[in-house]
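The values are calculated or read from the model by the stated rules, or taken from the named source; none is laboratory data. All values derive from a computational prediction rather than experimental measurement. Virtual Cβ from ideal backbone geometry, glycine too; neighbours counted across all protein chains shown. Heads up: the accessible areas ignore ligands, DNA and RNA and are worked out on the full protein's heavy atoms, side chains in. Shrake-Rupley method; radii C 1.70, N 1.55, O 1.52, S 1.80 Å.
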Amino acid sequence: MQQQTMQQRSLQQHEIDDQVFELYDEYCHGKLNRRQFFERAAALTIAGASALSMAKALIPNYAKAQEVLFTDERIKATWIDYESPGGSSGAMRGYLAQPVGDGPFPAVLVMHENRGLNPYIQDVARRFAVAGFLALAPDGLAPIGGYPGNDDDGRAMQRTLDQAKLRQDMVNSARFVKRHPLSTGKLAATGFCWGGGTTNFLATELGDELQAAAPFYGAAADTAKVPNISAAVQVHYAENDERVNAMRADYESALVAHGATYEMHVYPGTRHGFHNYSTPRYDVEAAKLAWTRMVAFFHQHLA
């Protein structure tokens, strides 16, 4: 009866056992496929019931992941194609969102997780447009057909790409939106998980082309390349994210040694993915605080 009740409603983060979250982290990072994730969860017995319902509750529901609809009258959003020399195919496709008006606007690059440009990341781009930015969310899967409509296939597709070429597509996307006719020429970058790590990479790669960077729970920058960073950096960490947090101390030491302008924020009680409001890992208070901090930071450094 307990299991049936749990399946009939959305579970909250505190109702999901840590063991299931650990399995989900392996699933998200490609160490387990969905079948394996469900099988291992089903083998767990928690409070006298199978943990399978907990595992199913963690699968993203993108119907929930829309804070700004594409029909919102405050913005304009469209798909665009542009060149990407040295990338996966030489061409890229992205989702461009802008405030209503003639501009110009400060530009933001929004980078997805390890599964392509899903509806959650499109919504983040629209939220930036509402906040006054020209936002481009590139789809790293565009050269091989684009985000396929579900995260499992998207994750598998992203693993097939040459990672150096995929990152070059992000570099080219950053330069494209920076030079867009509606851009002021000031550029910020943010991303989540894989996109967070790539935000750190862009900070070292773009130098003074990038004015601000806000990675969310992503791999740290190569410490040997930290001296290349000109951007102000605002890093967002989940408290319970051992893999990513293990890189923090060395990254911060390198930023200090370089004399970089930076902030690091850790959100108590949160898990990897806490900003993504399509799963129970979402932490509403932490996500709102991180968003407010990031938008203010970008306005400050792109003014």
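The number of residues in region 250-303 being farther than 27 Å from S230 by Cα, part of a helix (DSSP H, G or I) and either open to solvent by less than 70 Å² (accessible area, probe 1.4 Å) or touching a residue at least 12 places away in the same chain (Cβ under 8 Å) (or both) comes to 2. Listed by first and then second residue, the pairs with beta-carbon distance under 6 Å, at least 6 apart or on different chains, first residue in region 13-27 and touching a residue at least 40 places away in the same chain (Cβ under 8 Å), second in a helix (DSSP H, G or I) and open to solvent by less than 50 Å² (accessible area, probe 1.4 Å), are I16/M54. Considering only residues in region 90-123 that are open to solvent by 70 Å² or more (accessible area, probe 1.4 Å) and of a type outside the set (A, V, I, L, M), the one that is farthest from the chain's Cα centre (by Cα) turns out to be D102. The set of residues from region 62-96 being assigned to a loop (DSSP other than H, G, I, E, B) and among the acidic types (D, E) comprises E67, D72, E73.
To keep it simple, each residue is scored yes or no on (1) touching a Phe, Trp or Tyr at 6+ places or on another chain (Cβ under 9 Å); (2) closer than 15 Å to L210 by Cα; (3) of a type in the set (A, V, I, L, M, F, W, C).
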| position | (1), (2), (3) |
| --- | --- |
| P119 | yes, no, no |
| L134 | yes, yes, yes |
| G140 | yes, no, no |
| R175 | no, yes, no |
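If the condition is being in contact with a helix residue (DSSP H, G or I) (Cβ under 7 Å, 6 or more places away or on another chain), open to solvent by less than 10 Å² (accessible area, probe 1.4 Å) and in contact (Cβ under 8 Å) with a residue 40 or more places away in the chain, then region 169-190 contributes M170, A174, L187, A188, A189, T190. Inspection of region 124-135 finds a residue satisfying the criterion of being within 16 Å of the chain's Cα centre (by Cα), of a type in the set (F, W, Y) and surrounded by 23 or more Cβ atoms within 10 Å (Cβ to Cβ). Among the residues of region 25-61, those identified as modelled with pLDDT of 75 or more, within 25 Å of A219 (Cα to Cα) and surrounded by 16 or more Cβ atoms within 10 Å (Cβ to Cβ) are Y27, F37.
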